[in-house]
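Step one of this worksheet: look at the structure below.
The values are calculated or read from the model by the stated rules, or taken from the named source; none is laboratory data. Computed from a predicted model, the values in this text were never measured in an experiment. Note that each Cβ is placed from the backbone with ideal geometry, even for glycine, and that neighbours are counted across all protein chains shown. Heavy atoms of the whole protein, side chains included, go into the accessibility calculation; ligands, DNA and RNA do not. Shrake-Rupley method; radii C 1.70, N 1.55, O 1.52, S 1.80 Å.
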Amino acid sequence: MSRVKLLDREFELSIPEETLLKAVDKVAEKMNKDLEGKNPLMVCVLNGSFMFASDLMKRLTIPCEISFVKLSSYSGTGSTGKVKELIGLNEDISGRTIVLLEDIVDTGLTIINTVEQVKQMGPADVKVATMLFKPDACKRDVKLDYVGMDIPNDFIVGYGLDYDGYGRNLKDIYTVVE
Ligand code: 5GP
């Protein structure tokens, strides 16, 4: 499928599954080395990260756990603007190594806020893994420990990412056709 239509927009194939999975292989290989003996808690930030989290977990050979969290659609404001509240991280994470699993880092605002909230819960360390990163969109100073792929600053769907709820099920990534 080189083109798909979702609602009112057309998207064209930009990153095939094979390329995505090679990127996940590399992230997993690095984690298996870096996080050996750390018994990390992987924290999958829903909804978009579910495919990345699933493919990554299958490739991790170190002992680890996974937890699933969501960000509220809106809650209050903070120094960085709108702050989305992290929901669902109910376990005691004090002293743990946490690895946040994100689908995409665009402006960086979401991940910066999420890391801040997790840090307040007293973990030993918070690392960030994102499947995709848009370097041209991200003007903030974000520390990304693991990046699957850098991508251009275009709107994409597939591999967990949606356009108004649709397209999350696509195994490849598609870019909007302007
Ligand atoms: P940030 O706070 O880094 O600007 O945005 C992160 C969130 O915006 C992601 O978790 C994702 O939900 C959404 N997002 C950013 N870029 C894209 C994109 O190209 N496609 C889709 N579907 N969502 C995106």
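Between beta-carbons, use under 12 Å as the cut-off and find the net charge around K171, counting Lys and Arg +1, Asp and Glu -1. Charge balance near K171 sits at -3. Taking each residue as 0.36 nm, the span from N47 to F155 lengthens on full extension beyond its C-alpha to C-alpha distance by 37.2 nm. Full extension of the chain between R3 and R140 yields a length gain of 46.0 nm, computed as 0.36 nm times the residue separation minus the alpha carbon distance.
Just the protein heavy atoms count here, and of the accessible area of the chain at 1.4 Å, carbon and sulfur take up 48 percent.
Based on alpha-carbon centroids, what's the gap between region 98-121 and region 18-78 in Å, whole number please? So the separation of the two Cα centres works out to 12 Å.
Surface analysis of the chain yields an accessible area of 52 Å² per residue, using protein heavy atoms and a 1.4 Å probe. For region 63-155, the gyration tensor built on C-alpha atoms gives an oblate shape. Its axis ratio a/c (a ≥ b ≥ c) is at least 1.5, and a/b is not larger than b/c. Remark on K171: its backbone amide H falls under 5 Å from those of Y159, a criterion applied only to residues 5 or more positions apart or on other chains, H modelled at 1.01 Å from N. Of all the C-alpha pairs in the chain, what % are more than 20 Å from each other? In whole percent, the share of Cα-Cα pairs in the chain beyond 20 Å is 54. The relative contact order of the chain comes to 25 percent, based on Cα pairs under 8 Å that sit 6 or more residues apart.
Helix 50-59 and the longest principal axis of the Cα set of the chain meet at an angle near 60°.
For the chain, adding -39500 (n - 2.57) for each run of n ≥ 4 DSSP H residues and dividing by the number of residues yields -7000 deg cm²/dmol at 222 nm.
At an R0 of 35 angstrom, the distance between the Cβ atoms of E65 and E178 translates into a FRET efficiency of 0.25.
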